[in-house]
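Accompanying notes for the structure given below.
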Amino acid sequence: MKKRIFRTIFAVAISIFLASSLLFMAVLYDYFSGIQQNQLRMQIDLASQGVEGEGIDYLQKLNIKDYRITWIGTDGSVLYDSLSNVEEMENHFEREEVKEALSQGYGTSSRYSSTLMQKYLYGAKRLSDGTVIRLSVTQKSLLILTLGMLQPIIIIFVIAIFLSAFLASRLSKKIVKPLNALNLDKPLDNDGYDELSPLLRRIDAQQKEIRKQSAVLRQKQNEFDVMTSSMSEGLILLNGKGTILSINEAAAAFLGTDRCCTGEDILEINRGLALVGLLNKARDGKHSEWIMELENGRYQMIASPVISGGTVSGIVLLIFDVTEKEQAEQLRREFTANVSHELKTPLHTISGSAELLANGMVKPEDVPAFSKRIYSEAQRMIQLVEDIMRLSHLDEGAANMKWETVSLYAAAEEVIKVLSDKAENMGIKLELYGEAVQINGIDQLIQEIIYNLCDNAIKYNRRGGSVSVTVRETDKYAAVAVSDTGIGIPAEHQERIFERFYRVDKSHSKEIGGTGLGLSIVKHAAKLHNAEIQLHSVVNEGTEITVKFPKADNDHLL
Amino acid sequence: MRSKFDEQLELLHKELIEMGALCESAIAMAAKALAEGDTKMASKVPELSADIDRKERDIETMCMKLLLQQQPVARDLRTISSALKMVTDMERIGDNSGDIAEIVTMANITVSDNTKHIQDMARATIKMVTDSIDAFVKKDIALANAVIAYDDVVDGFFDEIKTDLMKQFGSPESNGEKVLDLLMIAKYFERMGDHAVEIAKWVLFSITGKKEG
């Protein structure tokens, strides 16, 4: 802008200078010609007086250089000429100024002399004797005049250029200075040009509007952040190019980044091929989802394109933690498979034996053995179904079961009474130690816990081994410990034995019997009582399982 | 003009990350196929390798265009020239993963042949590749230096495996082909480690402007 103002002012100054000097020259020329005419006339008057008085002698005495004097006779012949030889000159009767002088007494004319390449101004006067005296003077043309004045003109021109450049620069700076000094943060505090005030007022109004809107936006953003940060699902908003616009805490945690990554590309945080594929699909405007395995679990990712005006302007990425869900599903699948398998095995035996009996292919003396097998397999199935029902009952939180004060010692005594025959058959010593301890619980479940533990201790024992049940009490808890001298549980299985149908030795499960649900029932029953199970086992030496019923926690269950 | 250039540089960065991700997947798949003797998985690796080749050509074309049209200087020039060099190393990692997978598909190697050393070496190499690409993504000088230093670990594994295999060769019941296959696999992992080091060095060059070795 400064440059432009400078250029304009400078150009105007220079052109005004040029125009005025041209005009000046023209006026000057006119003025000079007037003066010359007057001078010519005066000189002619003087010369004519001299000639009238003294005749040709006056002219010959006259010594002038600026003028050319010619005396022309009445017939037009030249009587005297100050420059040329009289004899060589032609008749001057037809000359315009001479003709005019003869008829009016005085005449002028100007001619361009081809012989001398100059413009001449002529003046002629008729004398009293009818002769004519003529004076001529060279008239300077405009060009000559200008050329003659070239030096001063150039000097003035150079001075004018410098002066106008200087002034233009000063002026342009002065004009621009208040504009540069405008404080646009506070538009109304400026006092520069009045002409700017509508603009400044407008800017002020717009700034206020912007401030208001950005405050609203910030508030909305904050609201959005607060809302999304408390979500357990991960939420990432991306623009069309894949730059993160917003990422909530859960998403950042899932993707294993702790820094704030808004404004970065999503690929800088996670560059898994699955994610790249997901985003590419979303960019094509398709909704897609994928289960992705990351370091800390399995996550379901759902990418949906945000379409506006026919193009994908952004992508919403939702991330769910499905680790637990998948695990639960896995467990359920395994359980279903196991249940079907466990139910099918006895059914096969029953149906096979029954088929043989029905077809009469069994000798009469074998019938009792077959019936016995059918009975025992049916019993096993009943046991299994009962166990499953019990488990599902426990899963439901043992509804309809009565909480009461239970003596752990009495419960253990009861169990030992039931199992003593079985233990005796296997030559195992079954012993009960400890004191009478009362807890608040469900009698049936407590008995079941002890029963299952003791049953396992007998089943997985050696001939001549022993099982001891100890009931004891401390300040914090009441505990039942069942220890045996059995085969023990290898360390790698210890974590899994409480799972449904899990067996350490799968190949011998049928000989040993049981449903594989016993410890699972123990686990659930203990959980219902807020009890803690501790397992200590050494392979080939024995196992001790302790169930600790917390005392304080039992009270609030009343 | 500049903003368009910036956009193109950003795109280049993204393409490189994607190519790095492809390499990581290729090597991870090859290692998993090796560990589990999964020939089906191994047969998928060459596909990834082809993807990586395609990506390399794309990135090369992109770099050439940038060099010709934008005539970058200083940091931009370093970014583009190191990208040009990095893709070559990435492509080799893809190729080597494909080579390992090919050996696995020939089914000479059983899961029991997978000694602990080979598995450790595979893990170490994967870590190097992942870290070198992470260093590029995060422009992390320390991580790049760590990758360069970690090469000694992978080289150490290679020597150990070589000694193991030499012992096997000496025993009368050894299967010569199998031993050679395992040696090749170990060598491929070792090469991938070297390529990861090269990537890390180019990352350092693009950040600092200095390249050693």
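Where a number appears in this text, it was derived from the coordinates with a stated rule and is not lab data. Keep in mind it's a predicted model, so treat the numbers as computed, not measured. Cβ placement follows ideal geometry from the backbone for every residue including glycine, while neighbour counts extend to all protein chains displayed.
Given charges of +1 on the Cβ of Lys and Arg and -1 on the Cβ of Asp and Glu, with all other atoms neutral, how large is the dipole of region A:200-272 about its Cα centre, in debye to the nearest 20?
That gives region A:200-272 a dipole magnitude of about 600 debye.
Return A:191, B:76, B:89 ranked ascending by Cβ neighbour count within 10 Å, so the fewest neighbours appear first.
By the 10 Å Cβ count, ascending: A:191, B:76, B:89.
Please list, or write none, the lysines whose alpha carbon is within less than 19 Å of the alpha carbon of residue A:65, excluding same-chain residues fewer than 8 places away.
A:119, A:140
Can you give the longest run of chain A that contains no chymotrypsin sites (Phe, Trp or Tyr not before Pro) sitting in a DSSP loop with at most 16 other Cβ atoms inside 10 Å?
That would be A:194-402.
State the extension gain, in nm to one decimal, for the chain segment bounded by residue B:175 and residue B:7, taking 0.36 nm per residue of separation less the distance between their alpha-carbons. Spell out each step's value before the answer.
Values: separation 168, 0.36 × 168 = 60.48 nm, distance 5.57 nm.
Full extension of this stretch gives 54.9 nm more.
Under a cut-off of 14 Å between alpha-carbon atoms, report the aspartates and glutamates in cross-link reach of residue A:125, not counting same-chain residues fewer than 8 places apart.
Correct list for residue A:125: A:45, A:52, A:96, A:97, A:100.
If you take the charge dipole of region A:19-123 about its Cα centre, with +1 on Lys and Arg Cβ and -1 on Asp and Glu Cβ, which of A:33, A:83, A:105 is farthest toward its positive end?
A:33
Grab the Cα-Cα distance for residue A:227 and residue A:62, subtract it from 0.36 nm times how many residues apart they are, and report the gain in nm with one decimal.
My answer for the length gained is 47.4 nm.
Return the calculated 222 nm mean residue ellipticity for chain A, to the nearest 500 deg cm²/dmol, obtained by summing -39500 (n - 2.57) across DSSP H runs with n ≥ 4 and dividing by the residue count.
-17000 deg cm²/dmol
Report the relative contact order of chain B, percent, no decimals, based on alpha-carbon pairs under 8 angstrom and at least 6 residues apart.
Values: 261 pairs, mean separation 56.0, N = 213.
Dividing the mean separation by the residue count of chain B yields 26 percent.
Under a 5 Å amide H to amide H cut-off, with H placed in plane at 1.01 Å, what residues pair with residue A:110 once short-range neighbours are removed?
A:122
Just the Cα atoms of the protein assembly as shown: what Rg and Dmax do they give in Å?
57.6, 199
At what distance in nm do the modelled label points of residue A:495 and residue A:18 sit from each other, each positioned 7 Å from its Cα along Cα→Cβ?
9.7
When a footprinting reagent is the concern and you count Cβ atoms within 10 Å, what order do A:489, A:155 take, fewest first?
Exposure proxy ranking, most exposed first: A:155, A:489.
Hey, with R₀ at 56 Å, roughly what FRET efficiency would residue A:538 and residue A:358 work out to, going by the Cβ-Cβ distance, to 0.05? Numbers along the way, then the final one.
Working: r = 51 Å, r/R0 = 0.91.
For R0 = 56 Å, the calculated efficiency reads 0.65.
Given R₀ = 51 Å, FRET efficiency for residue A:96-residue A:181 by Cβ-Cβ distance, to 0.05?
E between residue A:96 and residue A:181, to the nearest 0.05, is 0.10.
Report the charge-dipole magnitude of chain B in Debye, nearest 20, computed about the Cα centre from +1 at each Lys and Arg Cβ and -1 at each Asp and Glu Cβ.
The dipole magnitude comes to about 680 debye.
Tell me, what is the percent relative contact order of region A:55-207, built from C-alpha pairs under 8 Å that lie six or more residues apart?
Normalised by residue count, the contact order of region A:55-207 is 14 percent.
Calculate, for residue B:163 and residue B:57, the FRET efficiency according to 1/(1 + (r/R0)^6) with r their C-beta to C-beta distance and R0 35 Å; round to the nearest 0.05.
Working: r = 40 Å, r/R0 = 1.15.
With R0 = 35 Å, the Cβ-Cβ based efficiency is 0.30.
So what J values fall out for region A:123-128 if you push phi through Karplus, 6.51 cos²θ - 1.76 cosθ + 1.60 with θ = phi - 60°, rounded to Hz, Gly and Pro as x?
Result, ordered by residue: x, 9, 9, 7, 8, 5 Hz.
Give me the lysines in straight-line cross-link reach of residue A:372: C-alpha distance below 18 Å, same-chain residues under 8 apart excluded.
Leaving aside lysines fewer than 8 places away in the same chain, those within reach of residue A:372 are A:363, A:510.
Counting each pair of different Cα atoms once, what's the Kirkwood radius of region B:1-143 in Å, rounded to one decimal? Before the final figure, lay out the partial values.
Values: mean 1/r = 0.0616 Å⁻¹.
Evaluated over region B:1-143, this radius sits at 16.2 Å.
Test of understanding: ordering A:134, A:201 by Cβ neighbours within 10 Å, fewest first, what list do you get?
A:201, A:134
If you count, for every residue in A:265-273, the Cβ atoms of partner chains within 10 Å of its Cβ, what is the mean?
Average neighbour count from other chains, rounded to a whole number: 6.
Report for region A:400-555 the percent antiparallel among DSSP-assigned beta bridges with both residues inside it, nearest 5.
80
Just how far, in whole angstrom, is region B:158-181 from region A:431-484 if you go by their alpha carbon centroids?
56
Helix by helix, which DSSP H runs in chain A go 20 Å or more along their axis at the Cα atoms and have an average Kyte-Doolittle hydropathy of 0.5 or more?
A:150-180
State which entries of B:55/B:201; A:220/B:139; A:344/B:40; A:220/A:281; B:138/B:211 exceed 25 angstrom in Cα-Cα distance in the structure shown.
Beyond 25 Å between Cα atoms: A:220/B:139; A:344/B:40; A:220/A:281.
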